Amino acid sequence: MDNHTKEQRHTNMCHIRANSKPEQIVRSYLFSKGFRFRKNDKRYPGQPDIVLPKYKIVIFVNGCFWHQHPGCKYASVPKSNKEYWIPKLNKNAANDSKNIAMLEEMGWKVITIWECALKPDKCAETAEKLYKQIISNNIT
Ligand SMILES: [Zn+2]
């Protein structure tokens, strides 16, 4: 556990404007750390929000409801209109799994960041973890 740079590392992401879209929060954070990436690259399954070619990593920043974050309180299906929502949401989740499997087969490491992990109480921890995941996958 290295504590000496910990504070500096996760200050940025958590102080980004609260009304930013979740993927923008993560992009701003990575950019501030000097990572260079591509956005919504159509050449990859599922058009990942962030592609880090140097690290062979793709990142999806997923809304908990639309992508059905397992066990998450923000993912609960509305009581009314279930016959509409359930197939639709199941389809989203199935597409996500398929895209992840394809990307992994292509040799990419896939990181999913859930929207709830970017809330103020979790943000620092998420940023720290993400940073470590990326640098530990440095293939150059
Ligand atoms: Zn969630």
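Based on Cβ point charges of +1 for Lys and Arg and -1 for Asp and Glu, what charge dipole magnitude is obtained for segment 20-135 about its Cα centre, in debye rounded to the nearest 20?
Around 240 debye, computed over segment 20-135.
Over the chain, what per residue volume does the convex hull of the Cα atoms give, in whole Å³? Intermediate results must be reported in sequence, preceding the final value.
Numbers: hull volume 17.8 nm³, N = 140.
Cα convex hull per residue, to the nearest whole number: 127 Å³.
Give the longest segment of the chain that steers clear of trypsin sites (Lys or Arg not before Pro) in DSSP loops with at most 10 neighbouring Cβ atoms within 10 Å, not counting the sites themselves. Present the calculation step by step, with values, prior to reporting the outcome.
Working: sites that count: ARG17, ARG36, LYS42, ARG43, LYS79.
No qualifying site falls inside 80-140, the longest such stretch.
Per residue of segment 86-94, in order, report the coupling 6.51 cos²θ - 1.76 cosθ + 1.60 (Karplus, θ = phi - 60°) as ³J(HN,Hα) in whole Hz, putting x for Gly and Pro.
4, x, 5, 6, 4, 5, 4, 5, 5
Find how many whole Å separate the alpha carbon centroid of segment 106-123 from the alpha carbon centroid of segment 64-86.
Cα centroid of segment 64-86 versus Cα centroid of segment 106-123: 19 Å apart.
Which percent, to the nearest 5, of DSSP beta bridges fully inside the chain are antiparallel?
Numbers: 5 of 11 bridges.
Among the beta bridges of the chain, antiparallel pairing accounts for roughly 45 percent.
Can you compute 3J(HN,Hα) from phi for each residue in segment 116-125, using the Karplus curve 6.51 cos²θ - 1.76 cosθ + 1.60 with θ = phi - 60°, rounded to whole Hz and x for Gly and Pro?
Once θ is set to phi - 60°, the couplings for segment 116-125 become 5, 6, 9, 5, x, 6, 10, 4, 4, 4 Hz.
From the residues ASN92, TRP108, CYS123, which one has its Cα farthest along the dipole of segment 88-133 in the positive direction, the dipole being from +1 and -1 charges on Cβ of Lys/Arg and Asp/Glu about the Cα centre?
Among ASN92, TRP108, CYS123, the one farthest towards the positive end of the dipole of segment 88-133 is ASN92.
Sequence-distant or interchain residues sharing an amide H contact under 5 Å with ILE113, placed H: which?
The answer is PHE60, VAL61, ASN62.
Give me ASP49, ASP41 ranked fewest to most by other Cβ atoms within 10 Å of their Cβ, as a rough exposure proxy. Don't jump to the answer; show the numbers that get you there.
Working: ASP49 23, ASP41 15.
Taking fewest neighbouring Cβ atoms as first place, the list is ASP41, ASP49.
Per DSSP H run of n ≥ 4, the term is -39500 (n - 2.57); total these for the chain, divide by its residue number, and report the mean residue ellipticity at 222 nm rounded to 500 deg cm²/dmol. Can you show the working numbers first?
Working: 4 runs with 57 residues, N = 140.
Mean residue ellipticity, 222 nm, calculated: -13000 deg cm²/dmol.
The numbers here are math on the coordinates, done by the rules we state, and not lab data. Just so it is clear, the model here is predicted, and its values are computed rather than measured. Because the Cβ atoms are built from the backbone with ideal geometry, glycine has one as well, and the counts that use them run over all protein chains shown.
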